[in-house]
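K.L.:
Below: one structure in structure tokens.
The values are calculated or read from the model by the stated rules, or taken from the named source; none is laboratory data. As the structure is a computational prediction, the values presented were derived from the model and not from experiment. Note: ideal-geometry Cβ built from the backbone for every residue, glycine included; neighbour counts use all protein chains shown. Surface accessibility is based on the protein's heavy atoms, side chains included, excluding ligands, DNA and RNA. Shrake-Rupley method; radii C 1.70, N 1.55, O 1.52, S 1.80 Å.
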Amino acid sequence: QVQLVESGGGLVQAGGSLRLYCAASGRTFSTYTMAWFRQAPGKEREFVAHISGGLTRYIDSVTGRFTISRDNAKNTLSLQMNSLKPEDTAVYYCAALTTGPPIKPESYRYWGQGTQVTVSS
């Protein structure tokens with residue numbers, strides 16, 4: 001079992017940057033594929049990026065702008081977000097994969113509480 005707590009969200013102007021953090025508890029953090037999802041008002045939760053070992057994958061709309069990384073020694077997952085756009089506005093969640101395709105929310109049992117990212121135009 002793992003518990004997740006996100007931080008780092010906030011309000012930023014379009015073109016700006018934010019770095020999100022996800023602090024994980026538990027000794028098995030390094031064994032989990034980890035991901036970031038986001039959910040905008042009135043929309044379904046959307047896959048953003050995941051990291052498994054040294055492999056990463058991103059949704060097309062953030063490729064080249066966002067970077068997911070992890071520090072297993074510190075039990076921390078990060079998401080560096082550059083060149084932010086108003087359409088990136090959402091609540092961002094980190095999640096730990098349990099079983100299933102990594103891009104599907106239903107594959108993840110463990111979720112953080114979310115952190116709000118708002119990008120103004």
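K.L.:
List pairs: first in region 2-21 and part of a loop (DSSP other than H, G, I, E, B), second among the basic types (Lys, Arg), Cβ under 7 Å, 6+ apart or cross-chain?
P.N.:
That search, which allows pairs on different chains as well, returns Gly8/Arg19; Ala14/Lys85.
K.L.:
In region 86-105, what count of residues is obtained for those that are open to solvent by less than 60 Å² (accessible area, probe 1.4 Å) and of a type in the set (Asp, Glu)?
P.N.:
Residues that pass the stated criteria total 1.
K.L.:
Restricting to region 106-121, and then to whatever is over 12 Å from the mean Cα position of the chain (by Cα), touching a residue at least 60 places away in the same chain (Cβ under 8 Å) and crowded, with 17+ Cβ neighbours inside 10 Å, can you tell me which residue is nearest to Leu77 (Cα to Cα)?
P.N.:
Quick first cut of region 106-121, residues over 12 Å from the mean Cα position of the chain (by Cα) only: 106-110, 118-121.
So of that shortlist, the ones also touching a residue at least 60 places away in the same chain (Cβ under 8 Å) come out as 108, 110, 118-121.
Next cut, crowded, with 17+ Cβ neighbours inside 10 Å only: 108, 110, 119.
Values: Tyr108: 15, Tyr110: 14, Val119: 22 Å.
So the residue we want is Tyr110.
K.L.:
Can you say whether Arg57 is closer than 20 Å to Ser107 by Cα, at pLDDT 95 or above and open to solvent by less than 20 Å² (accessible area, probe 1.4 Å), as far as the supplied structure shows?
P.N.:
On the way: closer than 20 Å to Ser107 by Cα: yes; at pLDDT 95 or above: yes; open to solvent by less than 20 Å² (accessible area, probe 1.4 Å): no.
Criteria not met by Arg57.
K.L.:
So, one more: Could you check region 54-89 and list, in sequence order, the residues that are over 30 Å from Arg27 (Cα atoms) and either touching a helix residue (DSSP H, G or I) at 6+ places or on another chain (Cβ under 6 Å) or not polar (S, T, N, Q) (or both)? Give the derivation first.
P.N.:
First, the residues of region 54-89 that are over 30 Å from Arg27 (Cα atoms): 60-65, 82-89.
Passing the criteria: Asp60, Val62, Gly64, Arg65, Leu84, Lys85, Pro86, Glu87, Asp88.
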